[in-house]
Amino acid sequence: MFLDTIQVNLIYSTMKRKIKLGVFGFGCVGQGLYSVLHQTKGINAEIKKICIKHPDKKRPIEASFFTTNRDEILNDPEIDVVVELIDEVDAAFEIVSAALKKRKAVVSANKKMIAENFSALLQLQQQYETPFLYEASCCASIPVIRNLEEYYDNDLLTSVEGILNGSTNYILTHIFDNNKAFDEALKDAQRLGYAESDPSLDIKALDPKYKLLIILVHAFGIILKPDDIFNYGIQNLKDADIRHAREKNARIKLIAKCSKIGNKVFAYCMPRFVPVSDTLNKVAYEYNGLLLEGAFSEHQFFMGKGAGGSATGSAVLSDISALTYDYRYEYKKLNQQLNHSYTRDIELEMYVSYNGSGKPITDDFESISVKHESPGFNYLIGKINLLKLAKTKWLEDPMVSIVLTENNI
Ligand SMILES: NC(=O)c1ccc[n+]([C@@H]2O[C@H](COP(=O)([O-])OP(=O)(O)OC[C@H]3O[C@@H](n4cnc5c(N)ncnc54)[C@H](OP(=O)(O)O)[C@@H]3O)[C@@H](O)[C@H]2O)c1
């Protein structure tokens, strides 16, 4: 065990030769990494092998790079770093686990795989004393995880909120700014490589929830499972909801947020009305934006491309580069044992549009400040507990859509 550790440390700290990369996946991000790597002079790394799924697909680079046998990478002693960029979750977890067990450092962009298996991946990193970096998984090009780990390495951070999904932000920007129809904007996002292979992960706010789960670990030291966080997407938004937002001089954005009040931490992923004057309104199309709030630093804003091959590839490359100087996540917030506890017991102010009388909806609200009924468009604004909201049956009705108001903590 001790010798192995020395060997791993030697690989990273005294590496004068080129790092050899074994890459899994050569789709949007894999090709982005290839292109970014070949345009970056300052990094001493080269791709040795690429494992893909479909051997007959036409590839833009030499056939000798490719294999469908994952062991050609995992069992190659020359390969120092495994870069996992595939769009399958179970296969990705198998690949990452096998690589860590062989003490090969791993870089991944696969938020779903990481969010669903966080505890197991942490355990593997500790047991095999091997680094696993995943900056690209959160906001593609925005360096959020390393900032949370290194700059916000204390307990002064109070809130992280933002637009973490480039695909839905692209769709909503087109709807609000260019009057595009939802389906047309989604097709564009897919064509440009901003959408996940399964677009419902974006539209139903699962993708930003996976990212939020990763952020929660590095921001507040809390490991949760996907089912622990409430998510609601933009799939049911109607023209009337868009009109309502415009009348209020706002846009609708899909917001992911985690925040701390005392030692209680809450988190959710939902559409919200964002006034045009709000900082997050600057975040358009495939861009992501993050507002961080600290007890003394107040607000800080990060914005950058949240999707696309080159943007994501550049974050993957930055992780590869970080490995050359021995970087690994220390999981500072987890190790500080901050005693934060996660809760869903929080009251939120919400707009709900619906068909019919709205009786089952109104019954669940603690208070209602606005109730509007007109032919074809009914809505209310009121306060509801998130614990109750998560259990309601009316949320499954495609005629219902919910949007947080701007008056929420
Ligand atoms: N696209 C983005 O903007 C973006 C941004 C941030 C993070 N990510 C994440 O990055 C990862 C890759 O996304 P992507 O957009 O590049 O996906 P993609 O374009 O669909 O490409 C997926 C690649 O994975 C390969 N693959 C699938 N299953 C495999 C298996 N079992 N073994 C080996 N190779 C396999 C495919 O092989 P074939 O070529 O043979 O089909 C393909 O090359 C995902 O986890 C995604 O969530 C994407």
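None of the figures in this text is laboratory data; all of them are computed from the coordinates on show. All figures in this text were calculated on a predicted structure; none of them were measured in a lab. Positions of Cβ are backbone-derived with ideal geometry, glycine not excepted, and every protein chain shown enters the neighbour counts.
The table for this structure:
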| item | result |
| --- | --- |
| Efficiency of FRET from Cβ geometry, residue 62 and residue 387, R₀ 45 Å, rounded to 0.05 | 0.20 |
| Calculated FRET value between residue 407 and residue 330, using beta carbons and R₀ = 45 Å, to 0.05 | 0.75 |
| Counted charge near residue 87, where neighbours are those whose Cβ lies closer than 11 Å (Asp, Glu -1; Lys, Arg +1) | -2 |
| Residues with amide H under 5 Å from that of residue 264, placed H, sequence gap 5 or more | 341 |
| Kirkwood Rh, Cα atoms: Rg over Rh of segment 41-137 | 0.96 |
| Packing rank of 75-82, 348-355, where each peptide gets the mean count of other beta carbons within 10 Å, highest leading | 348-355, 75-82 |
| Segment 122-140 versus segment 210-254: alpha-carbon centroid distance in Å | 25 |
| 222 nm mean residue ellipticity, helices alone, for the chain (DSSP H n ≥ 4; -39,500 (n - 2.57); rounded to 500) | -9500 deg cm²/dmol |
| Simple spin-label estimate for residue 243 and residue 179 in nanometres, 7 Å along Cα-Cβ | 1.4 |
| GNM flexibility winner over the chain from 145, 234, 43 (Cα, springs under 10 Å) | 43 |
| Anisotropy class of the chain from Cα gyration tensor, a/c 1.5 cut | prolate |
| Bridge type composition, the chain - antiparallel percent by DSSP, nearest 5 | 70 |
| Segment 272-347 and segment 182-197: distance between their alpha carbon centers, rounded to Å | 23 |
| Length gained when the stretch residue 72-residue 120 is fully extended (0.36 nm per residue, less Cα-Cα span) | 14.8 nm |
| GNM result for the chain, Cα springs below 10 Å: residue of 170, 268, 325 fluctuating most strongly | 325 |
| Cα shape, segment 98-198, gyration tensor, a/c 1.5 rule | oblate |
| Three-way shape label, segment 182-256, alpha-carbon gyration tensor, a/c 1.5 | oblate |
| Approximate spin-label separation residue 198-residue 342, in nm, with each point projected 7 Å along Cα-to-Cβ | 2.0 |
| Loop trypsin sites (Lys or Arg not before Pro), segment 18-101 (other Cβ atoms within 10 Å of the site Cβ: 14 or fewer; DSSP) | 18, 41, 53, 57, 58 |
